[in-house]
Amino acid sequence: MIIKGTHRGLRYVDGRLTDVLEAGRYKLPKASGRIRRPNVEIVLVDMRERELTIKGQEILTADKVAVRVSILTQFKVVDAVAAIEKVATYEDRLYSDVQLAARRSLASMTLEAILTNRNQLSEDILADLQNVAGGYGVEILRADVKDIVFPGNLQDIMNRVLAAERLAEAQLVEARTKAEKESLEARTKAETDRIAAISRAESVRLAAEADADAERTRATAAVDALRLRVENADAYANHPALLRLQELESLATVSRNANARIYIGFDKHTAAPSE
């Protein structure tokens, strides 16, 4: 007999469990008419991950609303002995446990709680199954509520409510976007005005500094010119020949102009010629 790696084999000898067989080839004793041999039976247990889907279970919520749910469960056998000996058929037992876990979870939640927190329902079912299935060697990997179907009239009401909620959310997003846009525009305008005011103040400051520099330059030039005149006056006073030289240079300059007239003063009392 060959046992694949995906399975385990439970060896029973005359109805008593003797070994858990791993993957490999095993030889079973052959029956003989003369010598009584023990009765050996090998029970194969699938150890792979599998799925179990429960569809259309009608369950009442805490506020007495009948809903239909579909639940997907993923599981695998981790203890082959417990899976075979603790329960008659572990697949059937798991099916019943999923149903009961879903009923317990839904019965403790109102319709509004189910609608607003559907993940909580799946988490409750998973936790409940893990506690129960571990007792017969099965590990629950996942338990999710795939679908929830509500009564027809309630479904129409819910659709209208959901449509109203989506519209309200869209309006809220639009209003928030508009408010953020207006706030951004206001901040941008305030920043622009602030920069413009700083620029104007800086321009006024620079203009004032330029005017002050120009005034200082003019005052300095005037002082320098006055100082030069004083120095010239002192030089002419101390050295009359310089003044005479300046007069001659001025006369030479004027004489080069043909239209200029030069008057040279004479004494009023001119001496009479002697007899």
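The values are calculated or read from the model by the stated rules, or taken from the named source; none is laboratory data. Worth saying up front: this structure is predicted, and the values here are computed from it rather than measured. For neighbour counting, all protein chains shown are included, and Cβ atoms are generated from backbone atoms with ideal geometry for every residue, glycine included. Protein only, heavy atoms only, side chains kept; ligands, DNA and RNA dropped before computing areas. Shrake-Rupley method; radii C 1.70, N 1.55, O 1.52, S 1.80 Å.
Among strands (runs of 3 or more DSSP E) lying entirely in the stretch 1-114, which contain 2 or more residues that are modelled with pLDDT under 90 and touching a Lys or Arg at 6+ places or on another chain (Cβ under 6 Å)?
Details: elements: 7-13, 16-21, 40-46, 50-60, 66-77.
Fully inside the stretch 1-114 and qualifying: 50-60.
Residue under question is GLN130, and the condition is that it be assigned to a helix (DSSP H, G or I), open to solvent by 40 Å² or more (accessible area, probe 1.4 Å) and more than 30 Å from LEU17 (Cα to Cα); does it hold? Spell out the reasoning first.
Numbers: assigned to a helix (DSSP H, G or I): yes; open to solvent by 40 Å² or more (accessible area, probe 1.4 Å): yes; more than 30 Å from LEU17 (Cα to Cα): no.
Spelling it out, it is not the case that GLN130 is assigned to a helix (DSSP H, G or I), open to solvent by 40 Å² or more (accessible area, probe 1.4 Å) and more than 30 Å from LEU17 (Cα to Cα).
If I filter the stretch 103-127 down to residues being more than 30 Å from ALA82 (Cβ to Cβ) and of a type in the set (Ser, Thr, Tyr), which single residue comes out as surrounded by the fewest Cβ atoms within 10 Å (Cβ to Cβ)?
THR116
Using the structure shown, decide if THR53 is within 30 Å of ASP14 (Cβ to Cβ), loosely packed, with under 13 Cβ neighbours inside 10 Å and hydroxyl-bearing (Ser, Thr, Tyr).
Values: within 30 Å of ASP14 (Cβ to Cβ): no; loosely packed, with under 13 Cβ neighbours inside 10 Å: yes; hydroxyl-bearing (Ser, Thr, Tyr): yes.
Considered against the rule, which asks whether it is within 30 Å of ASP14 (Cβ to Cβ), loosely packed, with under 13 Cβ neighbours inside 10 Å and hydroxyl-bearing (Ser, Thr, Tyr), THR53 comes out as no.
Can you confirm whether the stretch 240-255 contains a residue that is assigned to a loop (DSSP other than H, G, I, E, B), of a type in the set (A, V, I, L, M, F, W, C), modelled with pLDDT under 75 and in contact with a helix residue (DSSP H, G or I) (Cβ under 8 Å, 6 or more places away or on another chain)? I'd like the intermediate steps shown before the answer.
At the first step, the residues of the stretch 240-255 found to be assigned to a loop (DSSP other than H, G, I, E, B) are none.
No, there is no match, as no residue in the stretch 240-255 is assigned to a loop (DSSP other than H, G, I, E, B), of a type in the set (A, V, I, L, M, F, W, C), modelled with pLDDT under 75 and in contact with a helix residue (DSSP H, G or I) (Cβ under 8 Å, 6 or more places away or on another chain).
Identify all residues within the stretch 79-99 that are within 42 Å of the chain's Cα centre (by Cα) and open to solvent by 20 Å² or more (accessible area, probe 1.4 Å); write none if there are none.
If the condition is that a residue be within 42 Å of the chain's Cα centre (by Cα) and open to solvent by 20 Å² or more (accessible area, probe 1.4 Å), then GLN99 is the only one that fits.
Looking at LEU242, is it open to solvent by less than 90 Å² (accessible area, probe 1.4 Å) and without any contact (Cβ under 8 Å) to a residue 60 or more places away in the chain? It would help to see each step written out before you state the result.
Details: open to solvent by less than 90 Å² (accessible area, probe 1.4 Å): yes; without any contact (Cβ under 8 Å) to a residue 60 or more places away in the chain: yes.
Yes; evaluated as a whole, the condition is true for this residue.
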